[in-house]
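Shown next, in structure tokens, is the structure this report addresses.
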Amino acid sequence: MKSFYAEGFKRLEAKILDVLNNFKTGGILIGPGSRNVVKIFDIEGERFNFKSFKQHNVINRHVYKYYRKSKAKRSFEYAQLLLSKGFQTPEPVAYIENFDFWGVTSSYYISRQLEDSPTLMEVIVHLTFPDREQIIREYAQLMFRLHEQGFEFLDNAPGNFIIKNENGKHRFYMVDLNRMSFHEKMDLDKRLNNFARLTSDPEVIRMISDEYAKLVGSSGDYCFNKITQAINGMVRKRKMKKILKFYKFLLPKR
């Protein structure tokens, strides 16, 4: 086993390991748990978010042991990097990896739990959400700041932004961080392609395009068209994957 704790959290090591020993039967499950499993556990009167990453095949288990950082380690390190650059994410606590001869058998990322806060998805789908347009435009401003730093958040989906109202201001906390790319500079098309996972709602795309265009010094129509193309491309890709899975299911097993 390999573990690393953020400053101030090493004292919880024994209790965190006890949680992991009872992970399957304890805690409060968040979401379906069909792929990665996310659960909430209480430790010393505080709530913590434990994310268990899906078991990999033998090849990937080997890769994550010897050649690439595990998703848990990347989540932890990217969270620390974002915080150091002035962005928000739930406070990272620890990451833990378990191994056997072949490679990684399981990995966990642990962070503080944010309670009673909506996601950007809720803002987008509920047309009467308070300050809806302002929040959507502030999201576009956040993405501009990330892109200016060369940060490409690959899981840029609305469910991965938690919104907290702090002292009358909206603060965006990013989650599901294990897939990020880093660039010295991002051109405009690459920036706009980063919105591909967001939404197919043209009204929301228009708000984001208008706000982002002001910040980057471009045309709102150009940004709208490029984001729409990226979203349509993502939709086609997802449909193709479903079709391939369907035909794979129909093929006779040897």
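Points to keep in mind about this one:
- Residue in region 40-58 that is open to solvent by less than 60 Å² (accessible area, probe 1.4 Å), polar (S, T, N, Q), more than 30 Å from Gln141 (Cβ to Cβ) and within 17 Å of the chain's Cα centre (by Cα) present: yes
- Filtering region 60-77 to residues that are under 18 Å from Asn36 (Cα atoms) and either open to solvent by 30 Å² or more (accessible area, probe 1.4 Å) or touching a strand residue (DSSP E or B) at 6+ places or on another chain (Cβ under 7 Å) (or both) leaves Asn60, Arg61, Tyr64, Lys69, Ser70, Lys71, Ala72, Lys73, Ser75, Phe76.
- Residue check, Gly86 farther than 21 Å from Ser181 by Cβ and either open to solvent by 40 Å² or more (accessible area, probe 1.4 Å) or free of Cβ contacts under 8 Å to residues at least 60 places away in the same chain (or both): no
- Residue check for Lys15: at pLDDT below 95 and open to solvent by 50 Å² or more (accessible area, probe 1.4 Å): no
- Residue in region 156-186 that is surrounded by the fewest Cβ atoms within 10 Å (Cβ to Cβ), counting only those that are over 19 Å from Gln141 (Cβ atoms) and touching an Asp or Glu at 6+ places or on another chain (Cβ under 6 Å): Ser181
- Among the residues of region 171-205, those identified as assigned to a loop (DSSP other than H, G, I, E, B) and either among the polar types (S, T, N, Q) or over 13 Å from the mean Cα position of the chain (by Cα) (or both) are Asn178, His183, Glu184, Lys185, Met186, Asp187, Asn194, Phe195, Ala196, Thr199, Ser200, Asp201.
- Residue under evaluation Glu211, criteria (1) crowded, with 16+ Cβ neighbours inside 10 Å; (2) among the acidic types (Asp, Glu); (3) touching a His at 6+ places or on another chain (Cβ under 8 Å), criterion not met: (3)
- Index of the failed condition, Gln113 passing every other in (1) touching a strand residue (DSSP E or B) at 6+ places or on another chain (Cβ under 8 Å); (2) surrounded by fewer than 23 Cβ atoms within 10 Å (Cβ to Cβ); (3) at pLDDT below 95; (4) not charged (D, E, K, R): (3)
- Condition met for Thr199 (open to solvent by less than 50 Å² (accessible area, probe 1.4 Å), more than 30 Å from Ser111 (Cα to Cα) and either without any contact (Cβ under 8 Å) to a residue 24 or more places away in the chain or polar (S, T, N, Q) (or both)): no
- Set side by side, the residues Glu115, Glu122 differ, and just one is out of contact with any Ser or Thr (no Cβ under 9 Å at 6 or more places or on another chain) and either in contact (Cβ under 8 Å) with a residue 60 or more places away in the chain or over 28 Å from Val37 (Cβ atoms) (or both), which is Glu115.
- Odd one out for Arg35 among (1) under 30 Å from Gly150 (Cβ atoms); (2) exposed (fewer than 13 other Cβ atoms within 10 Å of the Cβ); (3) in contact (Cβ under 8 Å) with a residue 40 or more places away in the chain: (3)
- Matching residues, region 28-78, being of a type in the set (Phe, Trp, Tyr) and closer than 17 Å to Met1 by Cβ: Phe50, Phe53, Tyr64, Tyr66, Phe76
- Residue check for Glu152: within 20 Å of Leu83 (Cα to Cα) and either under 18 Å from the mean Cα position of the chain (by Cα) or surrounded by 15 or more Cβ atoms within 10 Å (Cβ to Cβ) (or both): yes
- Qualifying residue in region 131-142 (condition: out of contact with any helix residue (DSSP H, G or I) (no Cβ under 9 Å at 6 or more places or on another chain) and over 23 Å from Asn36 (Cα atoms)): yes
The values are calculated or read from the model by the stated rules, or taken from the named source; none is laboratory data. Note that the coordinates shown come from a computational prediction; the quantities given were computed from them, not determined experimentally. Positions of Cβ are backbone-derived with ideal geometry, glycine not excepted, and every protein chain shown enters the neighbour counts. The accessibility values were calculated without ligands, DNA or RNA, using every heavy atom of the protein model including side chains. Shrake-Rupley method; radii C 1.70, N 1.55, O 1.52, S 1.80 Å.
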